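The values are calculated or read from the model by the stated rules, or taken from the named source; none is laboratory data. Keep in mind it's a predicted model, so treat the numbers as computed, not measured. Neighbour counts are summed over all protein chains in view; Cβ atoms, including those assigned to glycine, are modelled from backbone coordinates with ideal geometry. Surface areas here come from the heavy atoms of the whole protein model, side chains and all, with no ligands, DNA or RNA. Shrake-Rupley method; radii C 1.70, N 1.55, O 1.52, S 1.80 Å.
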Amino acid sequence: MSKLSSIVGSSREINELRALIQIVGPSDSTALILGDSGTGKELVANALHGCSQRAGAPFIPVNCGAIPRELLESELFGHRKGSFTGAISDRKGRFELANGGTLFLDEIGELPLSAQARLLRVLQDGEVRSVGSIETRKVSVRLIASTHRNLQALVNEGDFRDDLYYRLNVMKFSLPPLRERGDDITI
């Protein structure tokens, strides 16, 4: 439970957040963490992992907005040698690296539609297929995603798959910014 101590504050909202993490953490439920930049979304994801049965396994964070779109699928799902220019050897993706543990997809709203379709497939089947491969491999990964964007608006605009949104939105955490938690500001 030491990961909970990294969530600083004594306001009602923060105490409720810690309590919810303790309830949801032990489950394998997919979680969606919403909040402005700087609200501690990765801290919450790490705390959920730390409270889970997967705590001894890897916690792999991936910032979907920081990886070039053309490399994102290779980063998430891996690739086979020769599958594209520069693929000089086989490489495991983040899903395989997180096998048995938790994969945290930060800024999931930045994920291109093609990668969203593959992600949905992994969530449904528990299998990954590397870029350039025809073989699939089973993975056991708890997925936690976060974003500062309004995913429902992205769904309405056609920029985010509605079936993926509902798959991710099993347990939702909305993190209030510090400006709305006056009790947590000390002078």
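Can you tell me which residues in the stretch 126-135 are touching a residue at least 24 places away in the same chain (Cβ under 8 Å), open to solvent by 20 Å² or more (accessible area, probe 1.4 Å) and part of a loop (DSSP other than H, G, I, E, B)?
Quick first cut of the stretch 126-135, residues touching a residue at least 24 places away in the same chain (Cβ under 8 Å) only: 128-133.
Checking which are open to solvent by 20 Å² or more (accessible area, probe 1.4 Å) leaves us with 129, 131-132.
Scanning the stretch 126-135 gives 129, 132.
Scanning the stretch 61-80 for residues that are part of a loop (DSSP other than H, G, I, E, B) and either open to solvent by 40 Å² or more (accessible area, probe 1.4 Å) or on the phi > 0 side of the Ramachandran plot (or both) returns 65, 66, 68, 78, 80.
Filtering the stretch 81-125 down to residues that are assigned to a helix (DSSP H, G or I), in contact (Cβ under 8 Å) with a residue 24 or more places away in the chain and of a type in the set (Asp, Glu), which residue is nearest to residue 66 (Cα to Cα)? Walk me through how you get there before you give the answer.
Restricting attention to the stretch 81-125, the residues satisfying the condition of being assigned to a helix (DSSP H, G or I) are 94-97, 108-110, 113-125.
Subset that is in contact (Cβ under 8 Å) with a residue 24 or more places away in the chain: 94-97, 108-110, 113-120, 122-124.
Right, trim to of a type in the set (Asp, Glu) and you get 96, 110.
Values: 96: 20, 110: 9 Å.
For the stretch 81-125, the residue satisfying everything is 110.
Cβ-Cβ contacts under 7 Å between residues 6 or more apart (or on different chains), taken from a first residue in the stretch 155-170 that is farther than 16 Å from residue 121 by Cβ and at pLDDT 95 or above to a second residue that is open to solvent by 40 Å² or more (accessible area, probe 1.4 Å) and part of a helix (DSSP H, G or I), are listed as 155/162.
The residue that is nearest to residue 148 (Cα to Cα), counting only those in the stretch 38-53 that are over 11 Å from the mean Cα position of the chain (by Cα) and open to solvent by 40 Å² or more (accessible area, probe 1.4 Å), is 38. Residues in the stretch 136-143 include at least one that is of a type in the set (Lys, Arg), part of a strand (DSSP E or B) and buried (at least 19 other Cβ atoms within 10 Å of the Cβ).
State whether one or more residues within the stretch 4-17 are surrounded by fewer than 17 Cβ atoms within 10 Å (Cβ to Cβ) and at pLDDT 90 or above. Within the stretch 4-17, one or more residues are surrounded by fewer than 17 Cβ atoms within 10 Å (Cβ to Cβ) and at pLDDT 90 or above. Evaluating residue 181 against the criteria (1) touching a Lys or Arg at 6+ places or on another chain (Cβ under 6 Å); (2) charged (D, E, K, R); (3) at pLDDT below 90 leaves one unmet condition, (1).
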